[in-house]
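Input: a single structure, listed below in structure tokens.
The values are calculated or read from the model by the stated rules, or taken from the named source; none is laboratory data. These numbers come from a predicted model, not from an experiment. Backbone-built Cβ (ideal geometry, glycine too); neighbour counts: all protein chains shown. The protein model used for the area step is the full one, side chains on, heavy atoms only, and it has no ligands, DNA or RNA in it. Shrake-Rupley method; radii C 1.70, N 1.55, O 1.52, S 1.80 Å.
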Amino acid sequence: MKTFLFIAIFLLEALALSQGLVVGSGEFKDKDLAPYLEYYCSSKNLSIAEASQVNNFKRSATPIHFSYMVDQQCWVRFTVENTSADKIPLYFEHQQTLTAELTLYENSVMTETIGYEHDFKSREIQSAKPTFKIEAPPGKTTYYISQRSKDQMWLHYKVWAPQSFYQGQAAHYFINGGFVILALGLAFYNLLQFSIHTRKTLFCYVSYLIFAATGHMFVVGYLKQFIWHDNNMMTNHFGLLSIQLAFLSAYGFIYIFLDLKKKLPILSKGLFAFVAFACTAITSNLLGYYTMTGAMNLALLIFGSLYMISISIILALKGDREAKFFSIAWGFMFSGVICLSLLYVGVLPAHPLIENSNIMGTAIQMVLLSFAIADQIKQTQVKMKSDREHALDQLEKMVYPHQLKQIKQGGILEDTMPCERSEAIVLCFDIVNSSQLDPEWSKEFTSEVLEECQKKMEDGLGAEFPEVKAYRIKELGDGFLCSIGFPFKVPSPYSQANIAIDLAKAFVDIYESVAQKYPHMNNLLCSIGIAKGEIEGFFTVSEPKHYEMFGRSIVLATRYENIRKKFQLQKNKHLVVIQEAVFDELNTERACQFKLYNLHRELIRDDQSAKRFYYLNLKARNRNMIHARRSFRDAMPKHGSFIKKDSAS
């Protein structure tokens, strides 16, 4: 059965090839002339008389698309049989807009010469594709068409009735013009995006859209039809150059968009070979070698596209988000080219969707790439926002809330803290002999104590300029220095001295509370020194910048904390030692808790004019104290309770 089917198809094709085009009834619309024509190609420049004597014309059931045959002259012969009594107008449309010259002969008489090397305005039918109009007389008429081409040699014609032809022209303008408008519209939109986001990817993409649009106008004949009617040199140069610049823009786009230098450093070097090849094609174009340039452009289209798709697929398989977008987009474009190529070789049937598959594929590619760039910008912004939030989270660990707020509002770091001199009280806190303990567990204990003390100092801290009890100047391993009254103001109506004493007691309570969790810390005690004096805040000159403080009050606080070593006041209890200037500012309730120590010959380092100081022992709870081996007795010549009249808070 299949054998008979093949024989029947063969006989039908042979019958179609053996007879001419019969007209007289019905409308011709986009009818392929291939089954009705014969062709002959020769390197000789034959006249119509010589061509009509050639006996070895060939036939083909499908359109003929030769490669570059610049030294060949091809002849096409076909017969039109008009079965009516009147002349019938027909339009024969050649499908290659870049054919250099076509000449129509009716019964061996030349009727019209058109082509890319001739002035467009001289054409009787003003169409981008070379089109002949004939008036087929009744009976049989033989027509010859000779053609030369500096581009690919196509022997591909379609026959139309006039009304159908102009309807087809409208559809042609709609599809191709729509493609150009889409490309230029996307270029304008992405150019606006480029003015906002100055990214090299957008620059390459906009360039690709513009040159792809102008290159398409060159290929479909719009440059010659609407811009340069008779300037072939300008049209060829500009058209071919547009295609080459579109390739260069595409290579630059994929290189930057997919970050090939980082992701595929070896394969990315292959793009430079195509860039060099494209530059060679540009040079060939400028020198006027149009045929060679056209062949190089075709190679760039095929092999360059395959290489770019291969690279993007490799990255897409690795999970790269941008590569997935690029692979899909470029896959649509390349699929359209493949479908059109299969149509030309007769594998796929003629259909408007297939005939315009390259345009639709490229249009989808352009839209998808635009979405891909928008997605990349969005992902970049999301990452930048995440990185910024992470940086601010980390910065929040290094600065105070009011500093962070000012920095977010555009302020500079150096303006977020006062860089000036002032009077303040400084408290020096130390855990005595903690360095002798095992660091594996003593570090955890010390960190918890310091953290809780920090919270106590910053109680009430907010994003506005804070009023807190104390500012931590520096951590000292197993202790810290903090200032009361500068750089942060103390909450009113409390005085600096009263707050300092309350903080000292609170720090001891914190120590005691944490110590209950660590039985091995029972033999450790706290020592606190408090002094008043000048202090100054500043930001370091060298980077990374941070806020520092120095002044006499800091020095004195450390000296008064060290008094315990000289005067043996610890007595297995926590010790708070304060300067006389601090004591004088205490109210009666707090002052009466301290004992006086008068200095005779003893001197306090860096405070040699001091005549006395005051101290307070705070009981250590739940202690199993190990007394020192050497006994000591109270070295104070005079001490006792000292009660001072109540002073203003």
Straight-line reach from LYS611: which lysines have Cα under 24 Å away, leaving out those fewer than 8 places along the same chain?
LYS532, LYS565, LYS566, LYS571, LYS595, LYS638, LYS644, LYS645
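When the solvent-accessible surface of protein heavy atoms is calculated with a 1.4 angstrom probe, in what order do ASP584, ASP607, ASP86 fall, highest first?
Reading off the accessible areas and sorting them downward yields ASP86, ASP584, ASP607.
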Over the alpha carbons of region 355-458, what is the largest minus smallest coordinate on each principal axis, giving the biggest first in Å?
90, 41, 18
Can you give me the C-alpha center-to-center distance between region 108-137 and region 438-499, rounded to a whole angstrom?
95 Å
In terms of the Cα gyration tensor, with a ≥ b ≥ c the square roots of its eigenvalues, is region 79-175 rounded because a/c is under 1.5, prolate because a/b exceeds b/c, or oblate?
oblate
Based on the Cβ-Cβ distance from LYS261 to VAL347, what FRET efficiency comes out when R0 is 60 Å, to the nearest 0.05?
0.90
Between ASN598 and ASP502, how high is the FRET efficiency from 1/(1 + (r/R0)^6) when r is the Cβ-Cβ distance and R₀ = 22 Å? Nearest 0.05.
0.25
Quick one: which residues, 5 or more positions from ARG612 or on another chain, have an amide H under 5 Å from its amide H? H modelled 1.01 Å from N in the peptide plane, none for Pro or chain starts.
LEU599
Overall dimensions of region 376-420 as given by Cα atoms, namely Rg and Dmax in Å:
13.2, 48
Per residue, how much accessible area does region 67-163 show when a 1.4 Å probe rolls over the protein heavy atoms, in square angstrom?
37 Å²
How large is log10 of I(q)/I(0) for region 35-135 at q = 0.13, 0.15 Å⁻¹ when the intensity is taken from the Debye formula with one equal scatterer per alpha-carbon?
-0.52, -0.70
Using a 1.4 angstrom probe, figure out how much accessible area region 298-351 has per residue, in square angstrom, rounded to the nearest whole.
50 Å²
Around GLN95, under 12 Å between beta carbons, what's the net of Lys plus Arg minus Asp minus Glu among the other residues?
-2
Taking the Cα centroid of region 150-226 and of region 278-357, what is the distance between the two, rounded to the nearest whole Å?
16 Å
Considering amide H positions built from the backbone, and no H for Pro or chain starts, which residues 5 or more places from ASP584, or on another chain, come under 5 Å of its amide H?
none
Kindly provide the helix-only [θ] at 222 nm of the chain, computed as the sum of -39,500 (n - 2.57) over DSSP H runs of four or more divided by all residues, to the nearest 500 deg cm²/dmol?
-14500 deg cm²/dmol
Shape verdict for region 253-338, please, from the Cα gyration tensor: rounded (a/c under 1.5), prolate (a/b greater than b/c) or oblate.
oblate
Heavy-atom accessible area of the chain with neighbours in place, 1.4 angstrom probe: carbon+sulfur share in percent works out to 58 percent
What percentages make up the Cα-Cα pair-distance distribution of region 112-155 when the bins are 10 Å wide from 0?
22, 48, 26, 5
Based on the alpha-carbon gyration tensor of region 508-600 and its eigenvalue square roots a ≥ b ≥ c, which shape applies: rounded if a/c is under 1.5, prolate if not and a/b is larger than b/c, or oblate?
oblate
Accessible surface ranking that places the most exposed of HIS351, HIS600 first, with a 1.4 angstrom probe
HIS600, HIS351
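Using 24 Å as the Cα-Cα cut-off, could you pick out the over-long pairs in LYS29/LYS133; LYS44/LYS140; LYS378/LYS408?
LYS44/LYS140
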What are the aspartates and glutamates whose alpha-carbon lies under 18 Å from the alpha-carbon of LYS318, with same-chain residues fewer than 8 places away excluded?
ASP259
Can you give the net charge of the other residues whose Cβ lies under 9 Å from the Cβ of VAL468, counting K and R as +1 and D and E as -1?
-1
Whichever lysines have a C-alpha closer than 16 Å to that of LYS455, once near sequence neighbours (fewer than 8 apart) are set aside
LYS397, LYS469, LYS474, LYS505
Alpha-carbon Rg with Dmax, taken over the chain, Å:
46.9, 147
